[in-house]
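Below: one structure, written as structure tokens.
The values are calculated or read from the model by the stated rules, or taken from the named source; none is laboratory data. Not measured: the values here are computed from a predicted model. Using ideal geometry, Cβ is built from the backbone for each residue, glycine included, and neighbour counts are taken over all protein chains shown. The accessibility values were calculated without ligands, DNA or RNA, using every heavy atom of the protein model including side chains. Shrake-Rupley method; radii C 1.70, N 1.55, O 1.52, S 1.80 Å.
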Amino acid sequence: MNRRLFLQSAAGTVAARSLRHADALSMSPQLDKMIGLQVGAVSFADEGVAKVLDECQNSAAINTLFVATFTYGRGIAGRQVPGQPLPDHGNQTYDTDTFFGGAYTKVNAKYYANTEFKSFRAPDLGDFDVLEQVIPEAKKRGMQTICWYEDVFRRDLPNVEKLEEVELSGRKAVTLCFNNPNYQNWLQDIAEDWSRSYDIDGIMWGSERQGALSNMLGASHGHPDPSTVTCFCEFCYAKARAKGINPERAKQGFLELEKFVLASRKGARPVDGYYVQLWRLMLRYPELLAWESLWTSSLREAQKAIYDRVKSVNPKLGVGWHIWHNNSFNPIYRAEQDLAEMAPYSDFLKVVIYHNCGGERMVDYVDSLGGTYFADVPKQELLNFHYRILEYGNEADLAHLAATGFTADYVFRETNRARQGLEGTKTKLWPGIDIDIPTGKASAKSTPAGTKAAVLAAFRGGADGVILSRKYSEMKLANLRAAGDALRAAGLA
Ligand SMILES: [Zn+2]
């Protein structure tokens, strides 16, 4: 469908879709026509709660705030990423020296009796409690508040080492282990703290990580050193043994795979080629796959436990998950995101479908993978292969993809695929839409027209709502307003 026809049909499709989902939506009225925005505490502290809420409501018809209540990452908290142009609102200086991260709410010690990780209040904004400040003002405007936290930590925190994963090298990782009871409990405890301490509408958690196999192969945008893949801790070993997986064989397999990856990145071609050699290793060490699955199933158990804990406090609260952008690039990671399997413990899913930065990230993924098990395949061919198997349409070639980004058609296709994956479930589909996510100097930048097309494409693909991402402090108002224009044009606002 060409662009003109697509725009003409979008409004009608949305109306039909709204009717079809009316029954399911009426069961949880707080989730009806969800127009969400991710926003960090610093925006409220810098610009004032009322001003930010009025701007978001007037510009983009936002009815739900995804407030970054906990993270040590700059992706969803803090001001603009240093080095990127500051947007046309907010404090016009970078917070390079003041950003630290943590919980932007009070920490009620009584909820953390079963974890050794107890000290994680963000120092950045003093005593500022973002939920205490925002919820009353949001309610006045008919807006909902969802706590948004993510799986990002730092090493310099009291007791955090007791929760850390163990890398293949034997060193402690900066990431925390889903099989460590201290982390399992903490993930649930903080959700309970927010659920009991504030009049919130829900909780969203995200983990932008994957298992050791995909990680070691470099199958993501941005790839780690092979020796740092995880997790090889005592809790993972015990869990593996209970499931009949031999952890020593797994570790041995990963050490062999590490040699292969390091040699591949230097261009040392195995006699039978890179792809065949990977298969030889996987056949010799089926534990490589077993270890990958163990990691992912542990992530799913963590999600289910958070869901159950929040529901035990208040069944009316919505609980859902942010699904990492790697779902758009790596077929192995995509295979691990079985939406129907997740549905029983997911009131909603934010599937990341960031079109603009998606181009640059896909190029990075292809570059990385083209250095390991697909090193025999020219990179343009490797990109075409992924377009084919991931069912993308006519996206740009490798030389131009970073500069153009993905099109709105990618947003449509990915939303539609997720919709089909959720068929027959009650889980709401809220794609994450890219507004001004930082990219390299020569890479695509968000525009009002591109933002508008992406929002319309999500609804045309069957979305129940959208989450404008990643954070208000990096968004230009013109692009936010374009999202609002699209929503109003589609009769959703
Ligand atoms: Zn572990």
Practice task
Could you work out the local net charge near Ser214, counting Lys and Arg as +1, Asp and Glu as -1, over the other residues with Cβ closer than 11 Å to its Cβ?
Solution key: 0
Fill in the blank from the handout: Farthest towards the positive end of the dipole of the stretch 274-326, among Tyr285, Ile306, Val319 and with Cβ unit charges of +1 on Lys and Arg and -1 on Asp and Glu, lies the Cα of Val319
Practice task
Grab the beta carbon distance between Arg121 and Asp225, set R0 = 25 Å, and tell me the FRET efficiency rounded to 0.05.
Solution key: 0.20
Problem - Relative contact order (%) - the chain, alpha-carbon pairs under 8 angstrom, separation at least six - result: 19 percent
Problem - Positive-pole candidate from Phe153, Asn182, Ala399, dipole of the chain, charges at beta carbon - result: Ala399
Practice task
Could you pull out the trypsin sites (Lys or Arg not before Pro) across the stretch 393-493 that fall in loop regions by DSSP (anything but H, G, I, E, B) with no more than 14 other Cβ atoms inside 10 Å?
Solution key: Lys441
Fill in the blank from the handout: Quick calc, the chain, dipole around Cα centre from Cβ unit charges on Lys, Arg (+) and Asp, Glu (-), nearest 20 debye, gives 740 debye
Practice task
Quote the FRET efficiency, to the nearest 0.05, computed for Val276 versus Gln252 with a Förster distance R0 of 25 Å and r equal to the Cβ-Cβ distance.
Solution key: 0.80
Exercise for the section: With only Lys, Arg, Asp and Glu charged, each at its Cβ (+1 for the first two, -1 for the last two), find how big the charge dipole of the stretch 451-493 is about the Cα centre; round to the nearest 20 debye. Expected result: 120 debye
Handout entry: Accessible area in square angstrom per residue, the stretch 267-354, 1.4 angstrom probe
Key = 37 Å²
Handout entry: Heavy-atom accessible surface of the chain: percent carbon and sulfur, 1.4 Å
Key = 53 percent
Completion exercise
Dividing the helical contributions, -39500 (n - 2.57) per DSSP H run of n ≥ 4, by the residues of the chain yields a 222 nm value, nearest 500 deg cm²/dmol, of -14000 deg cm²/dmol
Practice task
Can you list which of the trypsin sites (Lys or Arg not before Pro) found in the stretch 214-276 are DSSP loop residues with at most 16 other C-beta atoms within 10 Å?
Solution key: Lys243, Lys266
Handout entry: Around Asp151: net Lys/Arg minus Asp/Glu count, Cβ-Cβ under 10 Å
Key = -1
Exercise for the section: Could you name the lysines whose alpha carbon sits less than 21 Å from that of Lys316, not counting residues in the same chain fewer than 8 places away? Expected result: Lys33, Lys139, Lys140, Lys304, Lys350, Lys426, Lys428
